[in-house]
Structure formats: structure tokens, C-alpha cells
Amino acid sequence: MTGPRRVALLVVVALLAGGCRGGAMTEYRFSKDAASLQSLATEGSVLADGVVDGRTTSAFVRTHAQELASDSDKLASVVASAHPEAGLGEKTNRLAALARQTAAQLTRLADHPSDEAGAARVRSALNDAADAAERLEKSL
């Protein structure tokens, strides 16, 4: 591949990769992102409930909680980098903060996958996060 063609290809790849971040935060996108966060928090709460009830192995909890934390952290980053349409600025900020809090709770669960008391606290926090994400989605 020649030099100019290589540069052009790299520019296209960089633009496509950068398209995952930022962009406009529309009501539709906000609704979908809030629903995604609600789903992540609910799934994490169910996982924490399995720890409280002794129905899951530590290895499974650690791995799955890390995956959910990573997804929540990515969502927080994407939402925080978006450019909200008029009237969505504060809600977008709240959604990004809620996604970061969800990621932090899931990380706690991953770090202590057999701590029943800690899992109960995480479960409660994630239930609250799921409820808050649902309220944000319905606030449009």
C-alpha cells in the first residue's frame, strides 16, 4: 500500500473508531442508554443476590461482575462524552454519574465475590441504580 493510501486508510479507521464516542445525545439515545444502564444494574443485582443466597461460585461472580463493571464504565464514558441536545444536559450528566456509580458497585462485587454482607449492600445499591435509571428514562 502506498504512503498516501495508507494515510487515508488510517484517517478513515480513526474516524470510525472515534464515532463510538461523543455525538449528539438525543432523547432516543438517552432513552436507550438509560435502559442499558437499568439492565446492567439489574443484572448485577441478581448476581449479588446469588452471593447473598450462596447460589453462585466466587469465580463466576468475579468474572461476571468484572464484565458488567466494564460495560457500565464504557457506558459512562460514552454518555459523558456526548453532546446533549437542549434540555438533556443535566439528565445526561446524571446518567453518566449513575453509570460510574454502578461500575464502582460492580467492581466491589468483583473484588469481594464471596462477601455476603458486602453483596447485600451492592445488591441494594444496584437496585437503587436500576430504579434511578428507569426514572431518568421515563423523565423524557
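Straight-distance candidates among the aspartates and glutamates for linking to Lys91, with alpha-carbon spacing under 15 Å and chain neighbours fewer than 8 residues away dropped: Glu27, Asp33, Asp131, Glu134, Glu137.
Pairwise inverse Cα distances across segment 77-137, averaged and inverted, put the Kirkwood hydrodynamic radius at 12.6 Å. The helix-based estimate of mean residue ellipticity at 222 nm for the chain, built from -39,500 (n - 2.57) per DSSP H run of four or more residues and divided by its residue count, is -28000 deg cm²/dmol to the nearest 500. A simple count of charges around Asn127, restricted to other residues whose Cβ falls under 12 Å of its Cβ and scoring Lys, Arg +1 and Asp, Glu -1, yields -3. Averaging Cα coordinates gives a centre for segment 23-99 and one for segment 123-140; these two points are 10 Å apart.
Here the Gaussian network model covers the chain, with springs between Cα atoms less than 10 Å apart; of Arg62, Arg29, Arg100, Arg29 fluctuates the most. Across the chain, the mean sequence separation of Cα contacts (distance under 8 Å, 6 or more residues apart), normalised by length, yields a relative contact order of 37 percent. Magnitude of the charge dipole for segment 61-128, about its Cα centre and with charges confined to Cβ atoms of Lys, Arg (+1) and Asp, Glu (-1), is about 80 debye. Taking H as built 1.01 Å from N, whose amide H comes closer than 5 Å to the amide H of Gly23, not counting residues under 5 places away? When sequence neighbours closer than 5 places are left aside, the close amide H contacts are His83.
Helices meeting the span-like rule in the chain (full DSSP H runs, Cα extent of at least 24 Å along the helix axis, mean Kyte-Doolittle score of -1.0 or higher): 27-52, 58-81, 89-111, 116-138.
Overall, the ratio between the Cα radius of gyration of segment 31-140 and 2.2 N^0.38 Å, rounded to two decimals, is 1.06.
Just so you know, all these numbers are worked out from the coordinates, no wet-lab data involved. Predicted, not measured: the structure shown is a model, and the values here were computed from it. Positions of Cβ are generated from backbone atoms using ideal geometry, with glycine treated the same way; all protein chains shown enter the neighbour counts.
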